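Notes follow once the structure below has been shown.
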Amino acid sequence: MNNYKKIGIIGGQGPASTIAFYDLIVKYFQDNFGARHVADYPPMIIYSVPTPSLVEGVENEEKTFYLIADAIYGLEREGADFVIITCISLQYFIEKLQPLVKIPIIPITPILAEYAKNRRYKTLGILATEATLEKKVCHTLFEKEKINLIRPKKSDQNEVGEVILDVIGGRITLRDSEIVKKVIGNLQKNGAEAILLACTELPLVLKQSDVYIPLINCNELYPKAVAEYACGRIRL
């Protein structure tokens, strides 16, 4: 029996990115610890929560908050040592949620900001849901590090939202990738040195090899940090 922390995962926004997140944690233990047997992996609980849509903004903030709070209570009751919320838009609620439970809720924004700071980026293009942009889930901490975030123009943001819905609906096409590349090109023209993929659906559409500009991929950095925290390699 290993001594890894039990990971509580709040997912479902959407299902494909939750599955990818779980797979990336599993792959970390395979690549770094040679995990081969079932007992080689950390215990994990996935609580899939069907919240109101977040793609075009938080549709029902109060209902969404209580749904996520109920999920965190459930994970704590089931013995999770800490909780992560795979959907970046929902991390807007962490400040209000954390006082309600004894176990830590690990946010992604400090992980992304530290990565960007270490690479001395000053201006990033951000691709995310309208909810993440509207609630400035990433902006506050990045601004503290003196990193400017450029959001897409309205028409481009609407197209990004449609791409995210395609991923949630399991209908990814080549056109989705082309749309994201076009939006990235426009952000680059506006001064972006790199692109912050601040939505866990978007890395399922676009890879670093698809574009020349550096990508800060939330689906690489967040699962890795969660896995390292679970096995005691880092503190968050």
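The values are calculated or read from the model by the stated rules, or taken from the named source; none is laboratory data. Being a predicted model, the structure only gives us computed values, none of them experimental. A quick note on method: Cβ atoms are made from the backbone with ideal geometry, for glycine too, and the neighbour counts reach across all protein chains shown.
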Taking first residues from the range 22-46 that are hydroxyl-bearing (Ser, Thr, Tyr) and second residues anywhere that are in a loop (DSSP other than H, G, I, E, B), the pairs with Cβ under 7 Å that are 6 or more apart or on different chains are Tyr41/Ala35
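Could you say which residue among Thr123, Thr86 is of a type in the set (S, T, N, Q) and crowded, with 20+ Cβ neighbours inside 10 Å? First the steps, then the outcome.
Working: Thr123 fails: crowded, with 20+ Cβ neighbours inside 10 Å.
Just a single option satisfies the conditions, and that option is Thr86.
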The lone condition Ala192 fails out of (1) closer than 20 Å to Arg119 by Cβ; (2) modelled with pLDDT under 95 is (2)
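Can you confirm whether the range 223-230 contains a residue that is in contact with a strand residue (DSSP E or B) (Cβ under 6 Å, 6 or more places away or on another chain) and free of Cβ contacts under 8 Å to residues at least 12 places away in the same chain? Write out each step before concluding.
Taking the range 223-230 and keeping what is in contact with a strand residue (DSSP E or B) (Cβ under 6 Å, 6 or more places away or on another chain), we get 226, 230.
Applying the additional criterion that residues be free of Cβ contacts under 8 Å to residues at least 12 places away in the same chain yields none.
Taking every residue of the range 223-230 in turn, none turns out to be in contact with a strand residue (DSSP E or B) (Cβ under 6 Å, 6 or more places away or on another chain) and free of Cβ contacts under 8 Å to residues at least 12 places away in the same chain.
Can you pull out every residue in the range 109-127 that is touching a strand residue (DSSP E or B) at 6+ places or on another chain (Cβ under 8 Å) and under 26 Å from Leu165 (Cα atoms)? Talk me through it step by step, then tell me what you get.
If we filter the range 109-127 for residues that are touching a strand residue (DSSP E or B) at 6+ places or on another chain (Cβ under 8 Å), which is where we start, we get 112, 115-116, 119, 121-127.
Residues satisfying the conditions are Leu112, Leu124, Gly125, Ile126, Leu127.
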Margin query: Tell me yes or no: at least one residue of the range 50-66 is within 21 Å of Gly79 (Cα to Cα), surrounded by 17 or more Cβ atoms within 10 Å (Cβ to Cβ) and at pLDDT 90 or above.
Written below: no
Determine whether the range 168-187 contains at least one residue that is in contact (Cβ under 8 Å) with a residue 40 or more places away in the chain and of a type in the set (Asp, Glu). no
